[in-house]
Amino acid sequence: MARFEERLVDPARSWKIAKSDYTERNYWDDDVSAFEDAMTAPSAKNSPCFVIPANHNWFHNLAMFQIIAETMEGLDRNRLSISPKSSENTMRCSVRRRRAASGRTPASRNSGERQS
C-alpha cells in the first residue's frame with residue numbers, strides 16, 4: 001500500500017495508478033498464494049521452471065541467455081541436423097515468402113510488373 005500512497009502524492013508518478021489497482025488489491029492474498037505454489041512446485045526435467053528477476057533488464061537478459069546457452073549445450077546435436085532435402089525445401093519456402101511479400105511471382109519477375 002505504501003507504493004500506492006507514494007504514487008498518489010508524487011505528480012510525476014500518479015499516472016501509474018489506476019482504479020483497477022484498488023480492486024485488484026483485494027486479490028493480493030490469492031496472488032501471493034499462487035506465487036508461492038508456483039515457486040515451491042518442482043519442475044520436471046523436460047520442462048524446468050526458472051525464476052528470473054526483472055528488476056534490471058541487463059540482468060534479466062543475461063540470466064535468460066545463460067539458461068538458453070546451457071540448455072543448448074546439453075542438446076544432442078545429432079538430433080538437430082537438417083537433411084539436405086529439408087534444407088532445400090526450407091530455402092524454397094523462404095524465397096516464395098519473400099516473393100509473395102514483394103508482390104512478385106516467377107511470371108511477373110521477367111515482365112517487371114507487380115501483381116495487384
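What to note about this one:
- Residues that are in contact (Cβ under 8 Å) with a residue 12 or more places away in the chain and in a helix (DSSP H, G or I), drawn from the stretch 26-56: Met39
- When residues in the stretch 18-50 are screened for being within 28 Å of Glu6 (Cα to Cα) and not assigned by TED's automatic domain parsing to the domain that holds Arg3, 0 of them pass.
- Residue in the stretch 84-97 that is in a loop (DSSP other than H, G, I, E, B), of a type in the set (Ser, Thr, Tyr) and at pLDDT below 70 present: no
The values are calculated or read from the model by the stated rules, or taken from the named source; none is laboratory data. Quick caveat: nothing in here was measured; it's all calculated off a predicted structure. FYI the Cβ positions are ideal-geometry reconstructions off the backbone, even for glycines, and counts take in every protein chain you see.
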